[in-house]
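One structure below.
The values are calculated or read from the model by the stated rules, or taken from the named source; none is laboratory data. Quantities reported herein were computed from a predicted structural model and do not represent experimental measurements. Cβ placement follows ideal geometry from the backbone for every residue including glycine, while neighbour counts extend to all protein chains displayed. Keep in mind that these areas ignore ligands, DNA and RNA; they rest on the heavy atoms of the full protein, side chains included. Shrake-Rupley method; radii C 1.70, N 1.55, O 1.52, S 1.80 Å.
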2 protein chains.
Amino acid sequence: MPKISQKGQKMPESPIRKLVPYAEKAKEKGRKVFHLNIGQPDIETPQSMIDAMHNLDVKVIEYSHSAGIISYRRKMCEYYARHDIHITPDDIIVTAGASEAILFAVQTCLNPGDEIIIPEPFYANYNGFATSAGVKVKPIVSTIEEDFALPPISEFEKVITPATKAIMVCNPNNPTGYLYSEKELETLREIVKKYDLYLFADEVYREFCYDGRKHFSVMNLKEIENNVVLFDSVSKRYSACGIRVGSMISRNKEVISTAMKFAQARLSPPSLGQFASEAAMDTPDSYFDEMITEYKARRDTLVAALNKMEGVVCPNPSGAFYVTTKLPVDDTDKFCQWLLEEFNYENQTVMMAPATGFYSTPGKGINEVRISYVLNVEDLKKAMKCLEEALKIYPGRTI
Amino acid sequence: MPKISQKGQKMPESPIRKLVPYAEKAKEKGRKVFHLNIGQPDIETPQSMIDAMHNLDVKVIEYSHSAGIISYRRKMCEYYARHDIHITPDDIIVTAGASEAILFAVQTCLNPGDEIIIPEPFYANYNGFATSAGVKVKPIVSTIEEDFALPPISEFEKVITPATKAIMVCNPNNPTGYLYSEKELETLREIVKKYDLYLFADEVYREFCYDGRKHFSVMNLKEIENNVVLFDSVSKRYSACGIRVGSMISRNKEVISTAMKFAQARLSPPSLGQFASEAAMDTPDSYFDEMITEYKARRDTLVAALNKMEGVVCPNPSGAFYVTTKLPVDDTDKFCQWLLEEFNYENQTVMMAPATGFYSTPGKGINEVRISYVLNVEDLKKAMKCLEEALKIYPGRTI
C-alpha cells in the first residue's frame, strides 16, 4: 500500500469537527444538542436567491468565465461602491467560497517555507491552507484581557524575518468577533509598507457590525494598493453558506493575472451559485437591518449570560457572530467533550468549539471556547442555562 | 511591490485559452468562429436537473457535509453499481468538479518533488495541478501512429525512479478520444502492483463510448484496491459543466480520511449543484442513448472529413468527444492563430486547440491539434470546409 504524503499527514483536523462523533452519540441518547460550534447561520437566505433558482432559464448549465460571470462581477462592483470600495470587474476573481480565494492568494504570493503573520486566535482553516501550501504561520497573540485587539506594532516586528511575506487579518474577526478600528488598520498599513509585505484580509463579515460601529476596509488603506488582497464571500452575508461563492480581490494586476492561472486550471466557479449571488446583489438594506438587529439581540443575551456565570470572562465584541470566552475549567477540549458525553440538563446539552484549534501556539486557548450565536434568543438562553449548570458540576472546574 | 511566488510564475497558462483574444478580434470583425477548442458540450442538461432548481424547497442554503450530501452519495453508489462498480458512500468525497478531486488526491498522495507518470498527450490542466502541488510530471509518449494506445510496459519502466509515486490515466481519453481496453488496463495493474504506485484515473467520459465498445473501470482491477483513486464529474455526463460537482473515490481508507482533511478545510462542495446532481442520478438511459447516437454521428462526420484532406492523419477514437489529429502545417500554434487572425472562408473560421499544450515534452505535438466535436453535424461540416480551405493556402503548409 503506497504511503500518504507528508503534507497529508500534517494537515490539521478541523477543530470544529472533531467533536461531531460525540454530538451524534448524545443525539442517539435522545438529547437535544444546542449547536454553538459552527458558523452556519439560521437566518433565511434572501428570497431573491431562491427565486433565481425557481426562475432558472437555461438549457445548458455551462462553465462560466474562470474569473466569474461578468454581469455578476459588475454587480459586485456596485455593491462595493456602496461600501465606499472602488474597484473594477478586472480586480475580481470569483471563487468557490472564500476558501478557494485564500488558496489562490497563498499560492500566488508565497513560496513554500515563507512565513505569514496572523494574530491568534484565528480562523482554524487558515492553518489548513498554510499547510496545504507549505507556508509557515507565525502567530502573534491577541489577548482576551485586551478584548482581542490588534497587538501593537512591536509584536509584529518581533516575529518579522526575511522569510515573512504576508500578514493576514480577519475583520470583523472569526473567532473573537473583534472589529478592528481604522486606527488599528493604519498600524497594519505602516508595517506592510515598511517591510513591503502582502496584506491578506478576510472581510466576509463586513455587514456584521454592532453598536453603531462602521467597518473600515483594507481596500481603503492608502499607498499599499499593490500589497492588499481581499477575501470575500456570499456565505455569511446572505446566509447561503452552501452555494460556495466567494472572491479574491486585488488592485495588484500581477497578483490577479497569476491567480487567474490557478483559476483557469479549475475551469470555473459554480454557475448556479453565481446566478443566485448575482440576484442577491439587489437584496434591500432592510434585510441587513433586520439581521443586524437580530444578531445584536443574540450577542447581548449571550454576553450578559456568560459574564453572569462565576469565573467566566467574555468581551463584548462589535462584529461577526462569534465570541471567544474564558471558562473556569482545566481544558476546554475535555470540557466540550464531557458536555456531549457525560452531561445533560433537562436532557439538553451544548456543543461549542474548544479554542485551542484557533491558536497556533501550543497550549494557548486551553480554557477558552468559541461560541457562534447562530441560534435564536430563546434557544441561546436555554443553551446558556445548560452551560451554567454544567460549570457547577464539571469535575475539572477551576473555581 | 511584493514579489509573485515561484509557483505562480511557473503555473502554465491554459493552452485552450491563449487564443481567446484572437477569437474575440475575429468576432469583432463580424466573423463566425466555430468553437472546436473547448469541451463545453451543446447537448441540453437533463430536465431533471433544471427541475431540481425550479422546485428548490429550502429556506437556508446550508453547508453540506464536507464529503457531500449523504443522500447524493448513496444515489451515486447505485449509479456506480449499474456500471458494475461496487462502492459505499464512505469511499466518496464529493468535490468542486473533478479539478478539486485531482488536487486533493495529488496533495494526499504525493510529496513535492515526487513524480507522476502520465501518457502524453494529456489533459492540459494536469500540468497545472502538478505545478500547484510541486510534483513532477514524467510523460511517456503515446503516438498518433498507434492511435494513441497505451505505451508498452517497457516505456513505463524506463521512466520509473525511486521518486515515482503515481501513474495517471484518463479513460476515455481527453485529448485523444482513445478508449483503453481491459487488456491495456491489466498492463497498468501489473506495473502499479510491481512498484506499489498510486493509479489515478479520470473517468469523466465513462458513458462516451462508441462502436459497441464497453468501458472498463480501474475500480475493477483486482488486488490494487488500495492503489486506485478515481476522479469523476457530473460536467460532461450530464452536460452541466457549470455546476462544479465532481468526486474523488477510493477504497483506500487512509487516502479518503486524509483527503477529508483537505475537504474539511474548504468546508463543503456546492449545495445547489449537489441537489441538481442528485436529481440527475435518475436520468433515463434514453438520454445517454440519444447523446451517444448524436456524438457518434459527429465523430464519424469529423473523422471522415479530416482524413479526406490531403496530408491530414486522424485516428478513429472510440470514446469521449475529442480527436487529436495531425495537420500538414509547420506549427499548429501559429496555424490556429493564423486561422483567427488572417483567414476566413465565406466570413467563417475555426478555433482549435494546438496540441503542444497537451504534451509535456517540448516540441511534441507541434503539428497536431485537438478538436472537440461539441457542435452539431451541420456546423461541423461547415467548420471542416473552412479547415480544408485554410490548409490549401496557409503559408506554413508542409505539402
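Assorted remarks:
- In the complete set of protein chains, residue-level accessible area for B:Asp211 is approximately 80 Å², probe 1.4 angstrom.
- Distances between copies at A:Ser181, taken between label points 7 Å from Cα along the C-beta direction, are 7.7 nm in increasing order.
- FRET E, pair A:Lys194, A:Thr88, Förster distance 22 Å, beta-carbon r, rounded to 0.05: 0.20
- Straight-line reach from B:Lys18: taking Cα to Cα under 12 Å and skipping same-chain neighbours fewer than 8 places apart, the aspartates and glutamates in range are B:Asp333.
- Prolate/oblate/rounded label for region A:308-399 (Cα gyration tensor, a/c 1.5): oblate
- Nearest-20 debye value, chain B charge dipole, Cβ charges on Lys, Arg, Asp, Glu: 960 debye
- Rounded to 5, percent antiparallel among DSSP beta bridges of chain B: 45 percent
- Accessible area of the protein assembly as shown belonging to carbon and sulfur atoms, whole % at 1.4 Å probe: 49 percent
- Residue by residue along B:106-113, Cβ atoms of other protein chains within 10 Å of the local Cβ number 5 on average.
- Cα centroids of region A:44-64 and region B:339-399: 36 Å apart.
- Loop-located trypsin sites (Lys or Arg not before Pro) in region B:144-227 whose Cβ has at most 16 other Cβ within 10 Å (DSSP): B:Arg213, B:Lys214, B:Lys222
- A label point on B:Lys10, set 7 Å along the Cα-to-Cβ line, lies at 1.6 nm from each of its counterparts in the other copies, closest listed first.
- Burial here means at least 50 square angstrom less accessible surface with every protein chain in place than with the chain by itself, probed at 1.4 Å; in region B:258-275 the buried residues are B:Lys261, B:Phe262, B:Gln264, B:Ala265, B:Leu267, B:Leu272.
- Cα lying deepest toward the dipole's positive end in the protein assembly as shown, options B:Pro270, A:Ile144, B:Tyr195, charges on Cβ: B:Tyr195
- The figure for A:Glu223 is an accessible area of roughly 110 square angstrom, using a 1.4 Å probe on the protein chains alone.
- For region A:58-101: relative contact order, % (alpha-carbon pairs under 8 angstrom, 6 or more apart): 39 percent
- Taking chain B and dividing mean pair separation by its residue count, relative contact order in percent (alpha carbons under 8 Å, at least six apart): 25 percent
- In terms of distances greater than 30 angstrom between alpha carbons, the cross-link table entries A:Lys261/A:Lys364; B:Lys364/B:Lys392; A:Lys7/B:Lys334; A:Lys193/A:Lys261; A:Lys10/A:Lys364; A:Lys194/A:Lys326 yield A:Lys261/A:Lys364; A:Lys7/B:Lys334; A:Lys194/A:Lys326.
- Taking the Cα centre of region A:47-280 as reference, the dipole from Cβ charges on Lys and Arg (+1) and Asp and Glu (-1) amounts to some 540 debye.
- Sequence of A:Glu186, A:Glu115 from largest to smallest accessible area, 1.4 Å probe: A:Glu186, A:Glu115
- Shape category assigned to region A:47-280 from the gyration tensor of Cα positions, a/c cut at 1.5: prolate
- Each of A:Pro89, B:Ile117, B:Ile16 was placed along the dipole of the protein assembly as shown (beta-carbon charges, centred on the mean Cα), and the one lying farthest toward the positive end is B:Ile117.
- Gaussian network model of chain B, springs between alpha carbon atoms under 10 Å - residue of B:Leu387, B:Leu199, B:Leu179 with greatest fluctuation: B:Leu387
- Entry note, chain A: the mean residue ellipticity at 222 nm calculated from DSSP H runs of n ≥ 4, each adding -39500 (n - 2.57), is -11500 deg cm²/dmol after division by the residues and rounding to the nearest 500.
- Surface accessible to a 1.4 Å probe, B:Ser181 within the full protein complex, Å²: 40 Å²
- Taking every DSSP beta bridge that has both ends in the protein assembly as shown, the antiparallel portion is near 45%.
- Cross-link partners of B:Lys253 among aspartates and glutamates (Cα-Cα below 14 Å; sequence separation of 8 or more within a chain): B:Asp90, B:Asp91, B:Glu225
- Shielding of A:300-310 by partner chains, average beta-carbon count, 10 Å: 0
- Residue by residue along B:35-42, Cβ atoms of other protein chains within 10 Å of the local Cβ number 2 on average.
- Comment: the Cα-to-Cβ extended label point of B:Ile160, at 7 Å, lies 5.2 nm from its counterparts in the other copies, nearest first.
- Here's the list of lysines a cross-link from B:Lys236 could span, going by alpha-carbon distance under 19 Å and ignoring same-chain residues fewer than 8 apart: A:Lys59, B:Lys75, B:Lys214, B:Lys296.
- Cα gyration tensor category, rounded, prolate or oblate, for chain A with a/c compared to 1.5: prolate
- Probe 1.4 Å, accessible area per residue of the protein assembly as shown, Å²: 36 Å²
- In the B-A interface, the accessible area buried, summed over both sides, Å² (probe 1.4 Å): 6400 Å²
- Positive-end ranking of A:Gln337, A:Ser235, A:Val245 along the dipole of the protein assembly as shown, with charges on Cβ about the Cα centre, is headed by A:Gln337.
- Taking the DSSP beta bridges with both ends in region A:47-280, the antiparallel portion is around 35 percent.
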